[in-house]
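One structure below.
The values are calculated or read from the model by the stated rules, or taken from the named source; none is laboratory data. For clarity, every value in this text was computed on a predicted model and none was experimentally measured. Here the Cβ positions follow ideal geometry from the backbone for every residue, glycine too, while neighbour counts run over all protein chains shown.
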Amino acid sequence: MTRYGHIAWRVIALVAFAGTAALAVTLTRVPPNHASLSSNLTLSPCASSGLDAWVGLGTTGSTSIPGNGHHVQADTTYYTLEFTNVTARSCSLYGYPEVSAYAGSQITGTQIGSPATQDTTIRPQPVTLAPGATAHSVLRVTGTDQFQPTACVRVTAPELRVMLPHQGLRGRPAFVPIALPACSKKGPKFLSVQAIQPRPGIPGFMVP
C-alpha cells in the first residue's frame, strides 16, 4: 500500500470513530424536558391512605342560580378542601375529588342528598405533591333556603365524604367533620367542587 493509501485509510478510520462517538453521545444524552416528562409519567397517583384531608375556613359570597324563569342571587359559602401528603414520597393528583354530605358512622352511615357537581371554571391540571406539601380544591355550598322546602328538606350534615380522583376500588374515602346545611332529598345541587390545584387554598381569594 502506498504512503497516500495509508493516510487515506487513517482518515477514514478517524471519521468512522468520530461518527460512532457522536452517535453514542446522542443516544445516551436525554434532553432535560424529556427526562422531566418521563419522571412525571412514572410518578404514582396519591393514595387516600397517604393523604390527610381537611377543610379550610369558609368564606361567604353569592352566586347566581336559575329560579322561577330567571337567575337569583343565592348566599354561598366557599370552603377549601386541603390535601396534605403525609408520606415520605412524592405523588400526583389530577382531576375532581368526589364529595358528598354524609351522616352516621363511616361503615353504616349514609349520603345526604345529591353529590357535588363538577365546577369546570378551573381546568384540571397535574399536581405533584411532595412529602409534606398541600394541594387544594374549592367546595361551593349554595344556601339551602334557595330551594323549595319540600324539594330540599333541609338538615345539617355533620361531615363530608371525600374520595380522591381516579381511585377506583383501591381508594378509601376520607370523612371530614363539618356542620353543613344540606338538602336531604336527592335533586337539588347544593354542592359543587373544582379540580384539585397546587398549593394550600386561601378562602379570601375564592369569592367572585
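Taking region 174-203, which residues are in a strand (DSSP E or B) and farther than 20 Å from GLY50 by Cβ? Those that are in a strand (DSSP E or B) and farther than 20 Å from GLY50 by Cβ: PRO177, ILE178, ALA179, LEU180, PRO181, ALA182, CYS183, LEU191, SER192, VAL193, GLN194. Residues in region 103-122 that are out of contact with any Pro (no Cβ under 8 Å at 6 or more places or on another chain) and assigned to a strand (DSSP E or B) were compared, and the one that is surrounded by the most Cβ atoms within 10 Å (Cβ to Cβ) is ILE112.
Considered as a group, the residues in region 151-168 that are assigned to a strand (DSSP E or B), aliphatic (A, V, I, L, M) and more than 20 Å from the chain's Cα centre (by Cα) include one that is nearest to SER192 (Cα to Cα), and that residue is ALA157. Please indicate, with yes or no, whether at least one residue in region 114-123 is over 25 Å from CYS183 (Cβ atoms) and modelled with pLDDT under 95. Yes, because at least one residue in region 114-123 is over 25 Å from CYS183 (Cβ atoms) and modelled with pLDDT under 95.
Filtered by the rule that a residue be in contact with a helix residue (DSSP H, G or I) (Cβ under 8 Å, 6 or more places away or on another chain), closer than 19 Å to GLY58 by Cβ and of a type outside the set (Val, Ile, Thr), region 70-112 gives ALA74, ASP75, TYR78, TYR79. Against the definition (modelled with pLDDT of 95 or more and at negative phi), how does PRO165 come out, yes or no? When the stated conditions are applied, PRO165 does not pass them. For LEU139, the conditions (1) in contact with a Leu (Cβ under 6 Å, 6 or more places away or on another chain); (2) without any contact (Cβ under 8 Å) to a residue 24 or more places away in the chain; (3) not small (Gly, Ala, Ser) are fulfilled apart from (2). Residue count for region 91-108 satisfying the condition of being more than 26 Å from ALA135 (Cβ to Cβ) and in contact with a strand residue (DSSP E or B) (Cβ under 6 Å, 6 or more places away or on another chain): 2.
Show the residue pairs that are 6+ apart or on different chains and have beta-carbon atoms under 8 Å apart, the first residue being within region 142-154 and on the phi > 0 side of the Ramachandran plot and outside the structural domain of THR76 (by TED's automatic domain parsing), the second being among the acidic types (Asp, Glu) and not in a helix (DSSP H, G or I). As it stands, the answer is none, since no pair meets every condition given. State all residues of region 141-162 that are of a type in the set (Val, Ile, Thr) and buried (at least 21 other Cβ atoms within 10 Å of the Cβ); if no residue qualifies, say none. Residues satisfying the conditions are VAL141, THR142, THR144, VAL162.
As for region 125-136, it holds at least one residue that is part of a strand (DSSP E or B) and touching a Phe, Trp or Tyr at 6+ places or on another chain (Cβ under 6 Å).
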